[in-house]
Amino acid sequence: MTEPPIGPLVVLEKKWPNNLAPVAVDIGGSFTKIVYWRPPYAPTLPEYVVRDFKDSFFSASAPLKPDPSLAVDISEGSLRFLKFPSSRNVEFIDFIRDTKLHHAWGENKMKTICATGGGAYKYKELAEERLGTVFTQKDEMKCLVKGLNFCLNHVDREAFHYNFEEDKEEFLSVDQIKSTETNSPFPYLLVNIGSGISILKVEGENKFERVSGSSLGGGTFWGLAKALTDIKNFDEVRELSQSGDNRNVDLLVGDIYGGDYSTLGLKAELIASSFGKIAVKREDAPPSDYNKADVIKSLLFMISNNIGQIAYLNAQTCGVEKIIFTGGFLQDNSYVWSRLSYAVQFWSVGKMKATFVQHNSYLGSLGALFSGQNDKGTKEKTK
Ligand SMILES: Nc1ncnc2c1ncn2[C@@H]1O[C@H](COP(=O)(O)OP(=O)(O)OP(=O)(O)O)[C@@H](O)[C@H]1O
Ligand SMILES: CC(C)(CO)[C@@H](O)C(=O)NCCC(=O)O
């Protein structure tokens, strides 16, 4: 079958600038995330590049409602998502070049690609040199909010709560994510857990403020996990968190009080000090029976509880009750969903609920893709 000459512009022609590639990248500290539009006539991408990475997608059959204002007729194709570790950023640039994603599935190279995340600045020169296409820089926070709002408004079952008592997701429809007072998803606190954490108060489609941040994020968890154990693969985290027992590593209230600290309502099984049991071990004690599963589980508890607490405190300061957690740390990580849900419920005494989304890692790249539609490829100013 012969390809139409101008690829996606067939469906995007009304608003999509004809010099902009239907691919956008979010180059973060840990991962580079790519979103691209693939029309039905396009070939699939070479398996050798994709095999190590998850390739999730909104397909024509996924319950994605097209938004006329965005003029992206997804039913004519699909938005596809890919990840590369940031340590392979040169390969990622060559991947775009070799697959010709910046050609918009046609003959001609597009003039610009929208890029966000720190790497949009760090790798601009290198990427432009290797691709011969301009990297139009888009602000990371704006893209994150834009991508998330797009998903919340248009993708059914994108958002979900996690029932930590029954260990299952409870998916929300586009209508269920809306507050009754505002008939919209706003206001919400956005806690994006990538390598580090950014916390934003979001009050409207383009109305938001970064209220806080923390360096104790997904990179901290993964860095400490690698430093403390011989773990090499993130998938192992999911396995080990099922079998580990943090009580071999953490000091519990019960270890200090011999039971509950009733006057403060602190139950015996509550963690009093993460990793505290290792700290108080006698020098002449026999080797402990904690193993790497126990360490991983304790680390996950520590990071997740801390994030849950920071999120709750920021939500309280901002006067917002809905907290939406996003970012690569949460991708396919039901254990963390469970911990964060528990932490938010615990700290807010049941007043607040943690919400999660399916396309955690890809919100920034989605936002970059959409934000390129209405501009002429100029450099974006940040606050
Ligand atoms: N397969 C994996 N390998 C390593 N880390 C993973 C993996 N899957 C999930 N993670 C988690 O995802 C985190 C990175 O998330 P994400 O891609 O959102 O960050 P980033 O955008 O690169 O960082 P930042 O926004 O801070 O620059 C890692 O720190 C780690 O905790
Ligand atoms: C630096 C960014 C914004 C890069 O995505 C992120 O890693 C972050 O928000 N880190 C936390 C920085 C802080 O302590 O506010």
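The values are calculated or read from the model by the stated rules, or taken from the named source; none is laboratory data. What you are looking at is a predicted structure, and each value in this text was computed from that prediction instead of being measured. Methodologically, a virtual Cβ is constructed for each residue, glycine included, from the backbone with ideal geometry; neighbour enumeration extends over all protein chains shown. Ligands, DNA and RNA are excluded from the accessible area calculation, which covers all protein heavy atoms including side chains. Shrake-Rupley method; radii C 1.70, N 1.55, O 1.52, S 1.80 Å.
Worth pointing out:
- Take Ile271: with every protein chain present and a 1.4 Å probe, its accessible area is about 40 Å².
- Highest-first packing order for the peptide set 91-98, 258-265, 160-167 is 91-98, 160-167, 258-265, based on the mean count of other beta carbon atoms within 10 Å.
- Region 333-363 residues near the modelled Glu165 label - backbone nitrogen below 20 Å, point 7 Å along Cα→Cβ: 335-356
- Three-way shape call for region 118-264 based on the alpha-carbon gyration tensor, with the a/c threshold at 1.5: oblate
- When the pairs Lys168/Lys226; Lys277/Lys322; Lys33/Lys267; Lys146/Lys353; Lys138/Lys351 are compared against a 32 Å limit on Cα-Cα distance, Lys277/Lys322; Lys33/Lys267; Lys138/Lys351 fall above it.
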